[in-house]
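Working notes, structure below.
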Amino acid sequence: MPPPVKMEGVKLFKPSKTVSREFFEHLVSSHGLGHDGFHGKDHWVRVLHNACEIAAETGANLRVLELFAVLHGTQRHNENHDPKHGHRAAAYAAELKGTWFELADDEMELLVEVCRYHSDDIVEAHPTEQACWDSDRLDLGRVGVRPDPRYLCASFARRPEVIEAAYRRSILARQTEIGDFFQKG
Ligand SMILES: [Fe+2]
């Protein structure tokens, strides 16, 4: 196994007030598909990385973005065609709220929606929803697809240099570091 690839911009990770290390580890250990495919924790961390960059530029809701990154792929039943996995992830998020994380009601509505519809190719939506979906779509290089600006929602994500940097990360990093994302102690 090669050593983890240092992620550019990993300094963007600030200790999360929303996702604890224990919660992340719970999601990792509960993920039925394991983490050797295209939809495991390395993808979640790269989505998180994209999300932090987008939130810093656009002011999208980072709590919703962080939760989307770590939850949206957890309920897949396979690595290929699984059109209902977003609906299951939305239900799973609702189940975990209050146990593993807290979120205001309006934020929870957004989280449920972004999980439910994240693979439906929607581009017109609330700015935080757009940020979630762009964060995910910017990581398509892992399945051999260069992100197409026509399927990205917001102007920041469509910038050629943003697409290129995300694409490079997605094809280089089979293992990714989560840096300083978790609170110490
Ligand atoms: Fe994803």
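Using only Cα coordinates, the Kirkwood hydrodynamic radius of the chain works out to 16.2 Å. Restricting the calculation to Cα atoms, segment 26-89 shows an Rg/Rh of 1.00 when the hydrodynamic-style radius is the Kirkwood one.
A straight chain from A104 to Q183 at 0.36 nm per residue would run longer than the Cα-Cα distance by 26.4 nm.
Whole-Å semi-axes of segment 144-184's equivalent ellipsoid, largest first, each the root of 5 times a Cα gyration tensor eigenvalue?
Semi-axes from the Cα gyration tensor: 24, 14, 8 Å.
Taking packing as the residue-averaged number of other Cβ atoms within 10 angstrom, the listed peptides 146-158, 107-119 run from highest to lowest as 107-119, 146-158.
Taking the three principal axes of the alpha carbon atoms in segment 63-121, the coordinate ranges are 33, 22, 16 Å, sorted in descending order.
Since every read-out is calculated from the coordinates, none of them should be taken as a lab result. Just so you know, these numbers come straight off a predicted model, no measurement behind them. Note that we place each Cβ from the backbone using ideal geometry, even for glycine, and neighbour counts take in every protein chain shown.
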